[in-house]
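Comments concern the structure below.
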Amino acid sequence: MISEICGTLIKKEQIKGISETRIKSMYERMVLLRLVEEKVADLVSQKRVFCPCHLYEGQEAVAVGVCESLVKEDYVFSTHRSHGHYLAKGGDLKAMIAELFGRGTGCSKGRGGSMHLVATDIGFPGSSAIVAGTIPISVGAALSFSIRCKRNVSVAFFGDGAANEGVFYESLNFASLRKLPVIFICENNFYTTHMPVSAMHADTDLFRKAGVFNIYSIRIDGNNVLEVFKTAKEAIERARNGDGPALIECLTYRWRGHVGPNYDIDKGLREKAELEWWMKNCPVKRIERLLVEEGILSASEIGHTKERIMDEIEEAVSFAERSPFPER
Amino acid sequence: MRRITFAQAINETFHQMMERDKSLFLIGQGVTSPWYVGTTTVGLYERFGDGRVIDTPVSENGITGAAVGAAIAGMRPVVMHPRMDFMYLAMDQIINHAGNWRYMFGDQVSVPLTVWGIINRGGEQAAQHSQAIHSMFAHAPGLKVVMPGTPYDAKGLLVSSIYDDDPVIFVDDRWLYSIEGDVPEEIYTVPIGKGVVRKEGDDITVAATSYMVHEASKAALSLKEQGIDAEVLDLRTIKPIDEGLLFDSVRKTGRLVIADGGWKTCGVAAEVSALVSENCFEYLKAPVVRVTLPDTPAPASSALEKKYYPGAGDIVRAVKNVVGRR
Ligand SMILES: Cc1ncc(C[n+]2csc(CCOP(=O)(O)OP(=O)(O)O)c2C)c(N)n1
Ligand SMILES: [Mg+2]
């Protein structure tokens, strides 16, 4: 049952073995992802940003929990819903916002927009808007690590919908055959655009699809950042040690509609009660609550963090709006 | 006659044809979506049900192949791709299989399939969500490619595509969807392989496809004011091209500008130019000019989009260049 996996509080014991600094930094990063997406939603509503934006709000724990165990030289490949992955890997906020504004100072020089973010200096070589397009590419990057005997890993973020493309299965098989250091992160947010996962997959236990290729696979609560962190960390370690790929199915939920700032409730695509259940199960609030209860962060520290991040975001927006449009 | 929009014409055609022909079904990712296909499929699912209006997983190659198989087995499927960009994932089934099948088996098995591809560009959607790849299909043998530019032709060519016993690629453009025009209520056909003169003129031929027909017509109006009488051809089908219509016009005017929303190299415009130079060389008073996309991917930034997509202004400039160069 989904509600059994995702509907619980983060347990105190789960902190064990993770340093306070690390937990705080993951929390701050999640707040960054959250506040950025809320700002972007406003910018789109205000018609200041025009490119199609697929917002990551609600899924923050996945990107942050996974990227926490990566180094700069590891690769992350992303999708149309790329803001969270880019920021979690350490992408520059100003360059991202400027990209959404179509400016020459954008990370892709205004050519890519929201769906095509890039940050070559921190191991984020691009995001593709072709569903499943970056799955084989992640495998190829892992192949290059393997050929050159590097201890790096490559991570493919993709959705439940991408697991319907044939290339997903081809990629799983090849990665397993060659024992490549690639981690498949399937973010199951229960929707492929307007279609629920149950209408798209004959077997909705998506993690099981990797098992038949002899790939270690597991389904976890993608809204619990500590669980994501621990599971991903182990998988990444194994991959670095030459023990081959893994697939982690992270159960999560996108708060906004498929694209843009709306909620896809009015269109009759999903139930308001369902959205509200997931909002109650907010990945940011869950970790925040634990941090407060354990005395790791105080309410006023949290307030300051949010203010500081908001300032950064506002600065990035004004940087973007002051930036020139590209010439070519 | 009634005036309805391009999108309404498509929607009406599906309603009427699915009612008439039980072997017709519609399949593709987003056929029930409120945003993918504009309003072209409104009411179909409610009326014909899940058996004949099938929204699919994101599995373009598999789903297109399934449509090919159903066609071989006697159905008349229409497989929809909400953006032409996603058709690249189904190229194998469309070209290797559907296009080759009849020839490969000595004309014994046909594939009465319609592949409906929608061009959906602009709006800062960037390189993977803006492509007009009709020419790719025109290049491959065994496929017909139609590109209606008016509501009337949308209906007539969709009916012809469905009735055709071989695979037809039916390409439309979201920029056309709100354009209104006269459309008969009853079912009729527009023949595949036949273009039409949209405006007569003596000084120069402007041969255009799909949305660019409207830009060409706008250009012709402005050229008229400047004393240049352009003849506007709507190719309607890009494979096979209506050579008779094209050659007659060029033989009359002696000049040709081609306007197409695809890329320049190896595109429809290049093909039209080659046909004319092979067949009308002695009639040409000036070199042929192509107005197309530049050979670069689509940008996101609207500042770049403005430069990227050709329009009436580009056609006017091209025509004036050609006419000036006697
Ligand atoms: C090959 C291809 N087919 C269709 C689309 C249209 N499309 C864009 S996003 C999307 C949904 C993908 O769903 P999922 O993988 O679950 O990711 P999510 O949007 O839920 O993050 C689809 C079908 C596309 N971009 N590429
Ligand atoms: Mg999804």
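The values are calculated or read from the model by the stated rules, or taken from the named source; none is laboratory data. As the structure is a prediction and not an experimental result, all values here were calculated from the model. Using ideal geometry, Cβ is built from the backbone for each residue, glycine included, and neighbour counts are taken over all protein chains shown. Just so you know, the surface numbers come from the protein's heavy atoms only, side chains and all, with ligands and any DNA or RNA stripped out. Shrake-Rupley method; radii C 1.70, N 1.55, O 1.52, S 1.80 Å.
Please count how many residues of segment B:5-24 are touching a residue at least 60 places away in the same chain (Cβ under 8 Å), open to solvent by less than 40 Å² (accessible area, probe 1.4 Å), in a helix (DSSP H, G or I) and not aromatic (Phe, Trp, Tyr).
Qualifying residue count for the region: 6.
So that you can scan it fast, the table gives a plain yes or no per residue for (1) open to solvent by 20 Å² or more (accessible area, probe 1.4 Å); (2) under 21 Å from residue A:257 (Cβ atoms); (3) at pLDDT below 95; (4) among the charged types (D, E, K, R):
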site	(1), (2), (3), (4)
A:73	yes, no, no, yes
A:98	no, no, no, no
A:105	yes, no, no, no
A:127	no, yes, no, no
A:138	no, no, no, no
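Is segment A:157-170 home to any residue that is away from every other protein chain (no Cβ under 14 Å), away from ligand 1 (no atom under 16 Å from the Cβ) and closer than 24 Å to residue A:81 by Cα? Step through it out loud before you land on a result.
Initial filter on segment A:157-170 (away from every other protein chain (no Cβ under 14 Å)): A:157.
Subsequent filtering for residues that are away from ligand 1 (no atom under 16 Å from the Cβ) retains none.
The answer is no; no qualifying residue exists.
Could you give me the residue pairs with C-beta distances under 8 Å whose first residue belongs to segment B:34-45 and is within 14 Å of residue B:10 (Cα to Cα) and in the same structural domain as residue B:177 (by TED's automatic domain parsing), whose second residue is part of a loop (DSSP other than H, G, I, E, B) and among the β-branched types (Val, Ile, Thr) wherever it lies, and which are 6+ apart or on separate chains?
Once the first residue is within 14 Å of residue B:10 (Cα to Cα) and in the same structural domain as residue B:177 (by TED's automatic domain parsing) and sits in segment B:34-45, its partners that are part of a loop (DSSP other than H, G, I, E, B) and among the β-branched types (Val, Ile, Thr) give B:37/B:31; B:41/B:31; B:41/B:32; B:44/B:31.
So which helices (runs of 4 or more DSSP H) stay within segment B:95-193 end to end and still have 1 or more residues that are farther than 30 Å from residue A:134 by Cβ and open to solvent by less than 10 Å² (accessible area, probe 1.4 Å)?
Details: elements: B:100-104, B:134-139, B:151-163.
Ranges flagged: B:151-163.
Hey, among the residues in segment B:27-48 that are open to solvent by less than 50 Å² (accessible area, probe 1.4 Å), away from ligand 2 (no atom under 16 Å from the Cβ) and not β-branched (Val, Ile, Thr), which one's farthest from residue B:70 (Cα to Cα)?
B:38
Tally time: how many residues in segment A:150-169 are closer than 13 Å to residue A:133 by Cβ and more than 14 Å from ligand 2 (Cβ to nearest atom)?
Residues flagged as closer than 13 Å to residue A:133 by Cβ and more than 14 Å from ligand 2 (Cβ to nearest atom) within segment A:150-169 amount to 3.
Of all residues in segment A:171-187, count the ones that are among the β-branched types (Val, Ile, Thr) and either within 14 Å of chain B (Cβ to nearest Cβ) or within 16 Å of ligand 2 (Cβ to nearest atom) (or both).
Going through segment A:171-187, the residues among the β-branched types (Val, Ile, Thr) turn out to be A:182-183, A:185.
Now drop any that are not either within 14 Å of chain B (Cβ to nearest Cβ) or within 16 Å of ligand 2 (Cβ to nearest atom) (or both), which leaves A:185.
Residues meeting the conditions: 1.
Considering only residues that are acidic (Asp, Glu) and not in a helix (DSSP H, G or I), look in segment B:36-70 and name the one that is farthest from residue A:168 (Cα to Cα).
Residues of segment B:36-70 acidic (Asp, Glu): B:46, B:50, B:55, B:60.
Going one step further and asking which of them are not in a helix (DSSP H, G or I), we end up with B:50, B:55.
On the way: B:50: 27, B:55: 20 Å.
By that ranking, first place goes to B:50.
Quick check on residue B:296: is it in contact with a strand residue (DSSP E or B) (Cβ under 9 Å, 6 or more places away or on another chain), hydroxyl-bearing (Ser, Thr, Tyr) and in a strand (DSSP E or B)? Write out each step before concluding.
Numbers: in contact with a strand residue (DSSP E or B) (Cβ under 9 Å, 6 or more places away or on another chain): yes; hydroxyl-bearing (Ser, Thr, Tyr): yes; in a strand (DSSP E or B): no.
Criteria not met by residue B:296.
Suppose we keep only residues that are within 15 Å of ligand 1 (Cβ to nearest atom) and of a type in the set (Val, Ile, Thr) within segment B:58-107. Which one would you say is nearest to the other protein chains (Cβ to nearest Cβ)?
B:58
State which residue is nearest to ligand 1 (Cβ to nearest atom) when the search covers only segment A:188-202 and only residues that are within 12 Å of chain B (Cβ to nearest Cβ) and outside any strand (DSSP E or B). Break it down stepwise before answering.
Of all residues in segment A:188-202, those within 12 Å of chain B (Cβ to nearest Cβ) come to A:191-202.
In the following step, the residues that additionally are outside any strand (DSSP E or B) were identified as A:193-194, A:197-202.
On the way: A:193: 5, A:194: 9, A:197: 8, A:198: 13, A:199: 12, A:200: 8, A:201: 10, A:202: 16 Å.
By that ranking, first place goes to A:193.
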